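*Asks:* Quick one: the structure is below, questions incoming.
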Amino acid sequence: FCPPDNPHAPMIMVGPGTGVAPFRGFLQERAALKQQGVPVGESLLFFGCRDPLQDFLYEDELRAFEAMGVTRLFSAFSREPGKPKAYVQQAIKERSEDVWRLLQQEATVFVCGDASRMAPDVRQALMGVFQQRTGTTAADAQAWLTGLKSSHRYLEDIWASTP
């Protein structure tokens with residue numbers, strides 16, 4: 001993964017657990033540029049983990065990036081005590097308006113993490129956003145996602161997790 005060459009380009013990052021690692025670097029770069037007075041493109045970071053008190057990697061740094069206006073952080077916790085399970089794909093659906101707006105601005109989507117469940121669910125969530133916004137079929141949504149992939153606007157760094 002590399003962030004877009006153009007720092008003005010918007011990006012959507014999905015990185016639960018250790019999948020957040022490359023995005024930390026992307027955001028560090030954009031934060032440094034912003035501090036130098038370079039305008040940076042809008043970005044959304046969807047981060048997920050089990051328990052926010054135990055597994056929220058780089059929480060302070062990610063919240064600082066959000067406070068600087070470098071990204072907007074949306075988190076989902078699957079084992080937060082007293083709350084229903086939440087996953088990054090649900091957060092994408094909940095923020096569909098923001099996701100769609102950035103996609104219309106030529107955002108690049110980066111997905112990093114589990115190949116077996118998370119990645120396919122994120123693909124489905126994005127295709128659902130497309131269908132919701134365009135009123136088209138699942139086949140149209142699949143063709144749209146294939147188009148994003150072929151134009152290098154949908155990139156995955158995914159791996160199979162072990163039980």
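The values are calculated or read from the model by the stated rules, or taken from the named source; none is laboratory data. Fair warning: this is a prediction, and the values are worked out from it, not measured in the lab. Quick reminder, even Gly has a Cβ in these numbers, built from the backbone with ideal geometry, and neighbours come from all protein chains shown. Accessible surface is based on the protein model in full, side chains and every heavy atom, while ligands, DNA and RNA are left aside. Shrake-Rupley method; radii C 1.70, N 1.55, O 1.52, S 1.80 Å.
*Asks:* For region 72-103, how many residues meet the condition of being under 15 Å from Phe56 (Cβ atoms) and among the aliphatic types (A, V, I, L, M)?
*Replies:* 5
*Asks:* If you don't mind, another one. I'm trying to understand the selection: among the residues of region 85-105, which are closer than 12 Å to Phe130 by Cα and either among the small types (Gly, Ala, Ser) or touching a His at 6+ places or on another chain (Cβ under 8 Å) (or both)?
*Replies:* Within region 85-105, just Ser96 meets the criteria.
*Asks:* Taking the condition more than 15 Å from the chain's Cα centre (by Cα), at pLDDT 95 or above and hydrophobic (A, V, I, L, M, F, W, C), does Ala125 pass?
*Replies:* Answer is no for this residue.
*Asks:* Which one is least open to solvent (accessible area, probe 1.4 Å) among residues in region 11-63 that are among the acidic types (Asp, Glu) and over 28 Å from Pro84 (Cα atoms)?
*Replies:* Once the filter is applied, the top-ranked residue is Glu42.
Okay, residues lined up against (1) touching a Leu at 6+ places or on another chain (Cβ under 7 Å); (2) modelled with pLDDT of 95 or more; (3) open to solvent by 20 Å² or more (accessible area, probe 1.4 Å):
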position	(1), (2), (3)
Gly69	no, yes, yes
Arg72	yes, yes, yes
Gly82	no, no, yes
Trp100	no, yes, yes
Cys112	no, yes, no
Asp121	no, yes, yes
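*Asks:* Being part of a loop (DSSP other than H, G, I, E, B) and either touching a residue at least 24 places away in the same chain (Cβ under 8 Å) or exposed (fewer than 14 other Cβ atoms within 10 Å of the Cβ) (or both) is the requirement here; does Arg133 meet it? Give the steps one after another, and end with the answer.
*Replies:* On the way: part of a loop (DSSP other than H, G, I, E, B): no; either touching a residue at least 24 places away in the same chain (Cβ under 8 Å) or exposed (fewer than 14 other Cβ atoms within 10 Å of the Cβ) (or both): yes.
Taking the combined requirement at face value, the residue does not satisfy it.
*Asks:* Does Asp55 satisfy the criteria of being touching a helix residue (DSSP H, G or I) at 6+ places or on another chain (Cβ under 8 Å) and not in a helix (DSSP H, G or I)?
*Replies:* So Asp55 fits the description; yes.
*Asks:* While we're here: Can you name every residue in region 73-86 that is over 12 Å from the mean Cα position of the chain (by Cα) and of a type outside the set (Asp, Glu)?
*Replies:* Phe77, Ser78, Arg79, Pro81, Gly82, Lys83, Pro84, Lys85, Ala86
*Asks:* Any chance region 136-156 includes a residue that's touching a Pro at 6+ places or on another chain (Cβ under 7 Å), under 23 Å from Pro10 (Cα atoms) and in a strand (DSSP E or B)?
*Replies:* no
*Asks:* Does Ala76 meet the test of being aliphatic (A, V, I, L, M), farther than 22 Å from Pro3 by Cβ and at pLDDT below 95?
*Replies:* no
*Asks:* Restricting attention to region 8-52, which residues are assigned to a strand (DSSP E or B) and hydrophobic (A, V, I, L, M, F, W, C)?
*Replies:* Scanning region 8-52 gives Met11, Ile12, Met13, Val14, Leu44, Leu45, Phe46, Phe47, Cys49.
*Asks:* Mind listing whichever residues of region 36-77 are touching a strand residue (DSSP E or B) at 6+ places or on another chain (Cβ under 8 Å) and among the small types (Gly, Ala, Ser)?
*Replies:* Passing the criteria: Gly41, Ser43, Gly48, Ser75, Ala76.
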